[in-house]
Amino acid sequence: MRHLISLQDFTTEEVLEILGRADELKQKFQTYERPAILHGVMLTQIFDKPSLRTRMSFETAIVHLGGSGTFMTSAEAGLNGRESLEDVARVLSSYVDVITLRTFSHQSIVDFAQHSNCPVINALSDELHPCQALADVMTMRELFGADLSAHRIVYVGDGNNVAASLCNAAALLNIPITICAPAGYELSGSFRDSFAERFPDFEIEQTNDARKAVSNASVIYTDVWASMGQEKESVARNKAFSDYQVNRKLLAAAPKECRFLHCLPAKRGLEVTDEVMESPHSAVFQQAENRMHLAKGLFHWLLVK
């Protein structure tokens, strides 16, 4: 049975197949085609954390393909201790065809998938955000073409779940990547270890110098400095990241054709300025739309042989 827990579990060919299906379904969408290829399929989403893009992209995708969806908080599903995770996984997966989980604990998604009788999608954990990374490379392929080997991603900010998943996607598709973070906020040691084991021949460039990092960027990418669950760290993080704002000055240090991406939500005036968000360099809302098209391609890959 197929799941999407981490892109480290995938081959390059599998990722390209998902992206190809997403591209095809996006083209159909743009000509007002809604092929009911998943007629009768039921999606259930279970979230610890609130969401706009993740929830709506999956719900809209399944409906466009002829299926339907339900949504529950983790508490409503019984994952707050009312039932064991194993029991919830067995029961829900006997009712529905695919399950998305958006949680704090990555291990909870791993454990849920082990007991599920249907595909499970990691819709975000504190460690990884694979669907976001797939939508990001889908967007880059639209901007620069299918071969991204000469188009460097420079991620400026916290070495978080988004940064980690971007590294996984970059390794699978041979995209050069730089992670530019202040000292103490780099990619976690546990991620670096698993990455090195899975991709021993791929190098992640890491630096603390933002202006130098973006000098050869095709894409400058950032995320919020304090993610959900880190609100108490906001003051310290805002100070630590003050030199890592993506603003007009940083964009001017990059090549003229450089594009800006952000997984959203954005804290305008902190990690990015309005001027950059609304500039011709920004592909943020194309990127956000692609979350829905990527979800369609992923559903198709998981459920249609």
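Within a Cβ distance under 15 Å of A252, other residues only, what is the Lys/Arg minus Asp/Glu net charge? Mind showing how you got there, number by number?
Details: positive: R211, K212, R248, K249, K256, R259; negative: E257, E275.
Around A252, the surrounding residues sum to +4.
Calculate the dipole size of the range 48-144 relative to its Cα centre from +1 charges on Lys and Arg beta carbons and -1 charges on Asp and Glu beta carbons; express the result in debye to the nearest 20. Each step should come with its number before you reach the end.
Values: 7 positive and 12 negative charges, 46 e Å.
Charge dipole, the range 48-144, about its Cα centre: 220 debye, nearest 20.
Starting from the Cα gyration tensor of the range 31-149, take the square roots of the eigenvalues, sort them a ≥ b ≥ c, and report rounded, prolate or oblate (rounded when a/c is under 1.5, otherwise prolate if a/b is larger than b/c, else oblate).
Numbers: a/c = 2.21, a/b = 1.42, b/c = 1.56.
Because a/c hits 1.5 or more and a/b fails to exceed b/c, the range 31-149 counts as oblate.
Under a Cβ-only charge scheme (Lys and Arg +1, Asp and Glu -1), can you give me the dipole magnitude of the chain about the Cα centre, in debye to the nearest 20?
Details: 29 positive and 38 negative charges, 142 e Å.
With only Lys, Arg, Asp and Glu charged at Cβ, the dipole is about 680 debye.
Give, in nm to one decimal, the length gained when the segment between V91 and L264 is fully stretched (0.36 nm per residue of separation minus the Cα-Cα distance). All intermediate terms of the calculation are to be shown ahead of the outcome.
Details: separation 173, 0.36 × 173 = 62.28 nm, distance 3.32 nm.
That works out to 59.0 nm of additional length.
So for each of 225-236, 266-277 I average, over its residues, the number of other beta carbons within 10 Å; can you give me the resulting order with the highest mean first?
Numbers: 225-236: 14.1, 266-277: 17.3.
So the order, starting with the most tightly packed, is 266-277, 225-236.
State, to one decimal in nm, how far the label point of Q230 lies from the label point of N216, with both points 7 Å from Cα in the Cβ direction.
Calculated label separation equals 2.8 nm.
Which aspartates and glutamates have a Cα less than 17 Å from the Cα of K26, not counting those fewer than 8 places away in the same chain?
Leaving aside aspartates and glutamates fewer than 8 places away in the same chain, those within reach of K26 are E17, E59, D136, E142, E289.
Summing -39500 (n - 2.57) over the DSSP H runs of n ≥ 4 in the chain and dividing by its residue number, what mean residue ellipticity at 222 nm do you reach, to the nearest 500 deg cm²/dmol? Write out the running numbers ahead of the final one.
Details: 13 runs with 134 residues, N = 305.
That calculation yields -13000 deg cm²/dmol at 222 nm.
Rounded to the nearest angstrom and ordered from largest down, what semi-axes does the equivalent ellipsoid of the range 110-168 get from its C-alpha gyration tensor (root of 5λ)?
Values: eigenvalues 140, 46, 11 Å².
Gyration-tensor ellipsoid for the range 110-168: 26, 15, 7 Å.
How high is the FRET efficiency from R248 to E205, r the C-beta distance, R0 22 Å, rounded to 0.05? List each step's numbers first, then the result.
Values: r = 24 Å, r/R0 = 1.10.
Efficiency, from the Cβ-Cβ distance: 0.35.
Quick check: convex hull of the Cα atoms in the range 230-305, volume per residue, rounded to a whole Å³?
Numbers: hull volume 9.8 nm³, N = 76.
Spelled out: Cα convex hull of the range 230-305, divided by residues, is 129 Å³.
Just to confirm the number: angle between the C-alpha axis of helix 284-303 and the first principal axis of the chain, 0 to 90 degrees, nearest 10?
40 degrees
At a Cα cut-off below 27 Å, give the lysines reachable from K267, other chains included and same-chain residues fewer than 8 away excluded.
K49, K212, K232, K239, K249, K256
In terms of the Cα gyration tensor, with a ≥ b ≥ c the square roots of its eigenvalues, is the range 122-211 rounded because a/c is under 1.5, prolate because a/b exceeds b/c, or oblate?
Here the range 122-211 falls in the rounded category.
Once the Cα atoms of helix 85-95 and of the chain are each reduced to a long axis, what angle between those two axes, in degrees from 0 to 90 to the nearest 10, is obtained?
60 degrees
Residues of the range 128-156 with amide nitrogen under 12 Å from the 7 Å Cα-to-Cβ point of T12?
Those under the cut-off are 147-149.
Of the heavy-atom accessible surface of the chain (probe 1.4 angstrom), what whole percent is carbon and sulfur? Please report the intermediate quantities before stating the final value.
Working: 6540 of 13210 Å².
That fraction is 49 percent.
Counting other Cβ atoms within 10 Å, which chymotrypsin sites (Phe, Trp or Tyr not before Pro) in the range 15-91 have at most 13 and lie in a DSSP loop? Show your work: numbers first, answer last.
Details: sites: F29, Y32, F47, F58, F71; in loops: Y32.
Counting only loop positions with at most 13 other Cβ atoms within 10 Å, the chymotrypsin sites (Phe, Trp or Tyr not before Pro) in the range 15-91 are Y32.
With r defined as the distance between the Cβ atoms of S68 and D274 and R0 fixed at 41 Å, what FRET efficiency is calculated, to the nearest 0.05? Walk me through the numbers on the way to the answer.
Details: r = 38 Å, r/R0 = 0.93.
Once rounded, the FRET efficiency stands at 0.60.
The values are calculated or read from the model by the stated rules, or taken from the named source; none is laboratory data. Please read all numbers here as calculations on a predicted model, not as lab measurements. Every residue, glycine among them, receives a Cβ derived from its backbone with ideal geometry; neighbour counts consider all protein chains shown. We work out accessible area using only protein heavy atoms, side chains counted, and drop any ligands, DNA or RNA first. Shrake-Rupley method; radii C 1.70, N 1.55, O 1.52, S 1.80 Å.
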